[in-house]
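Read-outs: derived from the displayed coordinates by stated rules, not from any lab. Because the structure is a prediction, the values reported are computed rather than measured. So basically every Cβ, Gly included, is an ideal-geometry build from the backbone, and we count neighbours across all protein chains shown.
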Amino acid sequence: MILQSIELNNFMCYAGYNKFDFTEGINVIIGDNGYGKSKLFDAFYWVMYDECFDTAKKKFQKTSLLKRSIVSDKAIVECDEGVITSSVKLTFHNTDKDSIYILERRYNVRKSDDKIIEDQDSEEIIWFKEMAYLNAKEIKESEQIERIKKTILPDNIKPYMWFQGEQVESIIDFNRNDTLTQAINILSNITRFDNIITIAEGLNETAKKELGKRQRDQSGDKGKSESLELRKQYLLERIKSLELQEIQYKDNLATAEEKSEMLLNKHAEAQKIRDVEAKRKNIENNLKDIQEEYNEEQKSLHKRMFTNKWVLKGTENLFEDYGKMYNQFEVKKMQIEAERNAKLNTENALITELQARLPIDVPEPIHVQHMLDNERCLVCDREAPAGSEAWLKMKELIDRSMLKIRTPEDEESSFHNFSMDLRKLYQNGLGLSHNIKSIDDDINSTYRRIRKLDKSRKLQSENLTKIESEINSIIVEASLNVDQARNLINEYSAQNELAKRTITEVNSNANLIGKRKEELQKIETELSKLVVGEIPTYLIEKVKVLAEFSQIAESTRKRVFRKLVQILEEEANKHYLEMTQGNMSSRGIIRLKELSNGKNYMPELVDEKGNVLLQLNTGNIILIKLATIMAIISARQGSRDTDLYTLITDAPMSVFGEDYTIGFCKTVSKVYRQSIIMSKEFYKNTKLREQLLTNTDIKLGKVYLITPSIPQNERSNRNSLSTNIEKLN
Amino acid sequence: MTKEDILRAYLEDDLFIQNNYLKKGEAQKHKWATDTNSNLIKVIKTAIDGGIMNESTNITERKINILLNNQS
Amino acid sequence: MELLKRIKDRAPEYDNQYYQMILDFTIEQGGKAGTSTEADRWKQGKYFSTRYEMYMYAALLGLKKDYKIPIPYGTEKSKFIEMRAWQPAEITDYVIMGILSKSGFDFNELENIEEEKVEKKITELRGLLEDYANGGFDMIRAKKESDPSYFLQNENCFIDLLEVR
């Protein structure tokens, strides 16, 4: 049947009259979170099953519990007095017969004096039009109504055709035998095989008991038989409980395996996170070191003005000038010195000469003075008037005795001697002048060094940012943080330990069972030995056949189940491949791996060789589950389910990303004749919306955009909330 | 699945070959109507019948017991 | 007479108007010389660890450009510690050398005059140093005025300022 339209009247956030038309193909309702998509899903569900999905409790609730919340607040507020009716109407078209079914459900509240009286239940009205153009006839018989509803959507298929996004996880949980069996059952009646097992086991039991009784009756030693029988019973009990134990262990093991796998998925991520984290730490330390070095250089930069003499830059001329001045000074000083020395020498020479003429005190000064006083030289007996040459020469003789040779040291050359200090300054300057030459180079090389450090610092900082975002994306994918990663690895090891221990227990348990069975065997042999006479052949044959029957029943069920799982797997892969076609990065084949207990399975993605390909994240798993859900319906041999029934869902496409969203829509439009998808993915992403509307591979039905009349942040007041519906095509 | 399909599912079990009840490949050719001396196959058919008819398990068990008891 | 020693006994003064500027660029010692680390200095955005360091910088700047500005009579002035205590001694000596060469004194003559007269001359030398340093400070002040961000944004400001020819 094709769902032609849904009309909502005052239903939840759909105040007033609202209508959506649908056609074959994929019909899309686009709206952001909280815009009314899941309320629309509730509307469909409510008409058919008188229930709405409670997202908080994650289950469906009956009208009798929901009551007033079904009715639009706006409608209640705007009505002063009287009855407010909330209703939803679905119109179905049976294309084979061209007949129409209209299903309506109504719920009333009454308002009087500001009090609101709620009805207990809703009422449903079903109309039928034999031919589209004929008048509608109301259907009253409940049996007929049930039949019509089953035609619209059979109960066993319902969970896989009409479901909310939140339900996807639980609709098919591969590791819960019941949900998997339920799904397999849709494909083919496996319950039948389960029933046969029950029959076979029952028969086996009774036959064995029968034989045992016969043996005891015909026993040569009743006493011994009795006691052996007791022991046998005991053993049977033991074996039974041990076998139950075994099932328990194997179930535990299966759970542990699944947990381990999950953890391994996360562990691989966790390990990746640890590795990347280690790299990050490394880069961080590098950065720290470089940063420190850089800071050091910066800090000491100005210090270098004095330690490396940079402050003297450009002051060569000072030294040159000083040098000149100092040179002058020294030269002049030497000149002065020389002059003084010369003068001294001359004077000294005179004295020396004088002293060389005659020995000192020859003649004696008295006599010389006498001659001087008389102005007459007694040696040559001539006149020597005062001041004449002869008289002066005589005077010299007296003077010379008083003369001494003078040395430079006797003389006081000057008050101060600056030479040393000035030289010190000169030498200082000289030494520094060499430094001054290399200042520019020094500055430049320091700058270069700093620049290099800066560059390296920036590079490391970039690397750090990159790797931090890498970690973040891994974490987001694995929904782990570094601490959790560490915990996870611990948990994983713990799970592994648990698994190992369980395996040991299973093994020792199996040993125990084996021993008991051996003992049992022995006892049975003994018992049969005790038998006197013959046990009827038929009985022996019966026991044999029924034992075989029991065995076959068990192993066949397993085989058939496995085969069905395979069929499911193949079909799911068809859909999965189709959905992931556009996306190169994730391929692989779904494989349902059988777990230790032989009953449960676990989904994996593998390559052609069977190597596990991808660590499964939430997105992958949802995609696989959706593919499986589709497979459940589409693989039903000889059925027209995908033709007859409409898929209605707000599949969580955001979980697996926009690459897959279009693929999903394509696949859905191919697999189902009609589908109604609620989506938020196309709300913000207008590019994606364009793709949806224009992609020729998608068999598109109607597309609607819903928006609330009040923006999100003003939602506290629901009294004016209604929904705007816009047709996009 | 038809009754025949279900029967075949059982006949494909290794046990038949192991115990020499059937030869390899015979299982596929075996029809529901094919005559057989095998008590095991008879039992299986009875059980399948009962299931399809939605018979109560007690009745099915009784039928099988009678079937096997009447072997001489 | 030890000329150098006598010169170094002196403590030059500077114009008070530059007090704040010097403080801006010099880390506060708090009475104990050399107790702040380079890290502290750098963090505070200061470039000189002592005030006389900046003085030497200014003096050399002025000397380089032969730019001296005599401090007007009556201006309020502040003192540094004696040059004897300035570090590094080589740079200090170099500055003195520069001053001597600019002084134009006749040292030969100087050698022959009495001590009090020499001391007077040394005072003149000190004055000359102050003038050149004053010039240097003025140059720094001018740069600060024309380009306020220069000393704030540029990590290498004083080093780049050395380029001034």
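Just how far, in whole angstrom, is region A:67-90 from region A:414-437 if you go by their alpha carbon centroids?
Rounded to whole Å, the Cα centres lie 107 Å apart.
Just list whichever of A:K313/A:K455; A:K313/C:K144; A:K544/A:K593; A:K67/A:K702; A:K563/B:K3; A:K666/A:K702 have alpha carbons separated by over 23 Å in the model shown.
A:K313/A:K455; A:K544/A:K593; A:K67/A:K702
Across the residues of A:436-448, average count of Cβ atoms on other protein chains within 10 Å?
Partner Cβ neighbours, averaged per residue: 1.
Can you tell me the length gained on complete extension of the stretch A:D155 to A:N135, counting 0.36 nm per residue apart and subtracting the Cα distance?
Separation in residues times 0.36 nm, less the Cα-Cα distance, equals 4.3 nm.
What is the order of A:W46, C:W86, A:W391, B:W32, fewest Cβ neighbours within 10 Å to most?
Numbers: A:W46 29, C:W86 22, A:W391 18, B:W32 14.
Fewest-to-most ranking of A:W46, C:W86, A:W391, B:W32: B:W32, A:W391, C:W86, A:W46.
Please compute the average number of Cβ atoms from other chains found within 10 Å of each residue's Cβ in peptide A:22-34.
Mean inter-chain Cβ contacts per residue within 10 Å come to 0.
With each run of n ≥ 4 DSSP H residues scored as -39500 (n - 2.57), what mean residue ellipticity at 222 nm is computed for chain A after dividing by its residue count and rounding to the nearest 500 deg cm²/dmol?
-20500 deg cm²/dmol
Please rank A:H367, B:H30, fewest neighbouring Cβ atoms within 10 Å first, as an exposure proxy. Intermediate values should be presented prior to the final figure.
On the way: A:H367 12, B:H30 17.
Exposure proxy ranking, most exposed first: A:H367, B:H30.
To the nearest 0.05, what FRET efficiency results for B:D49 and A:S69 with a Förster distance of 45 Å applied to their C-beta separation?
In this case the efficiency is close to 0.30.
In what sequence, highest mean first, do A:80-88, B:4-12 appear when ranked by Cβ atoms within 10 angstrom?
Details: A:80-88: 16.8, B:4-12: 19.9.
Highest to lowest by the protection proxy: B:4-12, A:80-88.
Can you give the mean number of other chain Cβ atoms that lie within 10 Å of the Cβ atoms in peptide A:538-548?
Across the residues of A:538-548, the mean count of other-chain Cβ atoms within 10 Å is 5.
Count the DSSP beta bridges whose two residues both fall in chain A, then state the antiparallel fraction as a percent rounded to the nearest 5.
Values: 60 of 75 bridges.
Taking every DSSP beta bridge within chain A, about 80 percent pair in antiparallel fashion.
Hey, rough spin-label estimate for A:S419 and A:E210, points 7 angstrom out along Cα→Cβ, what's it come to in nanometres?
Between A:S419 and A:E210, the label points sit 14.5 nm apart.
Relative contact order for region A:316-432: what percent, with Cα pairs under 8 Å and sequence separation of 6 or more?
So the answer I get is 34 percent.
State, to one decimal in nm, how far the label point of B:K3 lies from the label point of A:D697, with both points 7 Å from Cα in the Cβ direction.
Going from the B:K3 label point to the A:D697 one covers 4.8 nm.
If you count, for each residue, the other Cβ atoms within 10 Å and average over each peptide, how do A:21-30, A:494-503 line up from highest to lowest? Write out the running numbers ahead of the final one.
On the way: A:21-30: 21.0, A:494-503: 15.8.
Result, highest mean first: A:21-30, A:494-503.
What ranking of A:C665, A:C79, A:C52, A:C377 emerges when the number of other C-beta atoms within 10 Å of each C-beta is taken as an exposure proxy, fewest first?
Exposure proxy ranking, most exposed first: A:C79, A:C377, A:C52, A:C665.
Any chance you could count the Lys pairs in region A:128-229 whose alpha carbons are under 17 Å apart, treating pairs 8 or more apart or on different chains as valid?
The number of close lysine pairs in region A:128-229 is 11.
Compute the relative contact order of region B:3-69 as a whole-number percentage, counting only Cα pairs closer than 8 Å that sit 6 or more residues apart in sequence.
Here the relative contact order equals 33 percent.
With each pseudo-label sitting 7 Å past Cα toward Cβ, what's the A:Q233-A:R147 distance in nm, one decimal?
5.5
Calculate, for B:Q18 and A:R274, the FRET efficiency according to 1/(1 + (r/R0)^6) with r their C-beta to C-beta distance and R0 35 Å; round to the nearest 0.05.
Here the calculated transfer efficiency is 0.10.
Give the cross-link partners of C:K77 among the aspartates and glutamates, using a straight C-alpha distance below 13 Å as the criterion and excluding same-chain residues fewer than 8 apart.
Result set, ordered by chain and number: C:E13, C:D15, C:E130, C:D131.
So who's got an amide H within less than 5 Å of the one on A:W162, skipping anything under 5 residues away but keeping other chains? H placed 1.01 Å off N, in plane.
Amide H neighbours of A:W162: A:I648.
Calculated FRET efficiency, A:N507 and A:N444, Cβ-Cβ r, R0 56 Å, to nearest 0.05?
FRET efficiency, A:N507 to A:N444: 0.15.
According to the Kirkwood expression over distinct Cα-Cα pairs, how big is the hydrodynamic radius of region B:3-69, in Å?
Evaluated over region B:3-69, this radius sits at 12.5 Å.
Using Cα-Cα distances under 8 Å and only pairs 6 or more residues apart, what relative contact order does chain A have, in percent?
Over chain A, the number comes to 26 percent.
For the ranges A:104-110, A:6-12, what's the packing order if you count other beta-carbon atoms within 10 Å of each residue, average per peptide, and put the highest first?
On the way: A:104-110: 18.9, A:6-12: 24.0.
Averaged packing, sorted descending, gives the order A:6-12, A:104-110.
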